Each structure stands twice: as structure tokens, then as C-alpha cells.
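Notes to accompany the following structure.
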Amino acid sequence: MDEPTVPMGEPELWRASDYRRGLPPGAGTGTPPVDPRLRSLSPSLYADLVQGGDDGRPADLLEALAACLRHGCAATLQLEWDDHVLPLTIFPRERLVHVPLSGAQLWALPFDRLRLIEAEPAVLRPPGRPGSPAEAAPPPAARPSSLPLTGPLGPDLLPLNPLDVDFELHLPPQPDAPPEPPPEAGPLALAADCQPLARLAWALAGRGARDALLPGIAGPALYRCTPDSQLPPEASRGWREAWRRLHDQPVSVETVAGWPGMEPAQARRLLNGLYLQSGLIVSRSHVALTWSAWFGALLDPER
């Protein structure tokens, strides 16, 4: 009789070593950990996952989550958790995440040790989603009452923009594909196994392995909070003070890092978390104008 792979009372999970043996040759050793089926489901999501960063490497866990949110596409992220594989299914439109763990087990995970093994199309359907396209979207009143991911585009849309715009503008991205169709088949996710996506995004941004800025907001830029942005209840005093100041004026990440209770990694984590909630306005044109004026004054002091 086989020995259980997890302690008594916890869900049976794949061993990471067994799962990796089933992947295509070379997967997880430099090739993109992305199921090719995602290409037909969402070409733009597939491209983002294959080339997660500016250096062309595959997406890490936080980048994969950001890509799912940006494209509004459900996907399952297979995560390595110690020697086990934890399937994490993202439902961006329902603002839910499904994981075969209790809430207490999920929020106690060592988020800094979770690693993305593979991204694949979601097998499960969101709780309450029927199988027919005409009935796929529940009415607003029937949507989960958990903390919404709000942003300037309203609570019903979850795009994450590069936001290379002025502060007074917040333009939605132009989708390159029609909205994700509901699956024709597949089991429904149990509502008891679903948790608020907003809380998971904050947990990964604040306690995950990545402390670098996400590609969508990295580079020369100034940052400011949207008026309706929110912090998680467990946010530190330093985060809360920085969040308050970010409502006042656009600042650089270096400025945020110098505020009381902050340091560079925490500043980047805070900005990543706000970005994942559609709660961050990023201006690159402002930075360009500032540098242009500075160089102009340097070259022509009389100007």
C-alpha cells in the first residue's frame, strides 16, 4: 500500500518530482512552463506567460497572476510547495481563487517558497457558472460579496494597464481577443474551496518570493494611488502611511522607499500589490518631460 504524500487530514497532492516527470522534456529547466493549450484560449495571455519579463524569461508566479488578471482569463497555476504540487485556479472575472486547502491552510502557506511549475487552462468552472454561453455571466447581485478588486474602470472589469498615461487619464487596454468563453464541460469548483482573489494577490505581493517591480510598472515612472484603492487589513503601519502619501502626489519608487517604515523591497512590494488591485496610476510621460527639462537646462542654462 502506498504511503500518503501529505499528513493525515490534508488533501492528497502530487509529489513535485512525479509531476515534473510528466512534463515535456526540458520543461522547468529554462523553457516556458506554459501548457500549449493556452495559446488557443488566449494568445496574449500565452505570450505574457512565455515571456514574463523584459529579459524574455518565463513568467514567475506573481507575473503569471498579473497576466491572468490583465487578460481576465481563468487559468490553473501548478505550484511547487516543498515537495508537493498545489493547483491554484484563478477566476479573474469572479474575483475568486480555488485551491484544495482550507482557508486556514492557504493563508498559513510559506508564500515565499511557492514556485510556478506550469500554467495551464482552468479545468474547473467557477462556482455557480453554468455551462451555456448565454448564462455564463451571473447578475451583479449574485456575484460574491468578498472584497472586490476595484479600480478606475469599476468593479466589473479587472484590466491591469501598463498605464503609460497622464494622471488624469486611466485608459482601458484594447483586448486582442473576445472575452473568455465558458468551458463546455468540466466540474464546478466547490465554493468552500474558493477564497478572495484580492487577498491572495496581496499575500503574494507582500510575502511571495518576488520583491522586484512587475514588468508592467517597472522602469522610469512616477506612481500615485487611485482614489478608491484599498490595503489589506494586515497592512503594516509603514504601508499605510506610504499609501496615504501616495494619494497626495506622484512619486518615484525611490521616494516611497525613503518614507518612514519603508525600505526598497517593501516599496516595490506595495506598488506591486496596488497594481494587482488596479489601484495604481503610473505616469511615464511625466518622467519623460521632467528628464527633458532637466537635460535642456543642463545643455542650455540660458533657456
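Assorted remarks:
- Peptides ranked, highest mean first, by Cβ atoms within 10 Å: ranges 235-243, 74-82, 253-261: 74-82, 235-243, 253-261
- Segment ALA265..SER40, full-extension length gain: 77.3 nm, with 0.36 nm per residue of separation and the alpha-carbon distance subtracted.
- Sequence of HIS247, HIS98 once ranked by neighbouring C-beta atoms within 10 Å, starting from the fewest: HIS247, HIS98
- Neighbour-count ranking [beta-carbon atoms within 10 angstrom, fewest first] of ARG199, ARG70: ARG199, ARG70
- Of SER40, SER283, SER278, the sequence from fewest to most neighbouring Cβ atoms within 10 angstrom is SER40, SER283, SER278.
Coordinate-derived values only; no laboratory data. As the structure is a computational prediction, the values presented were derived from the model and not from experiment. Cβ atoms come from the backbone with ideal geometry, glycine included; neighbour counts cover every protein chain shown.
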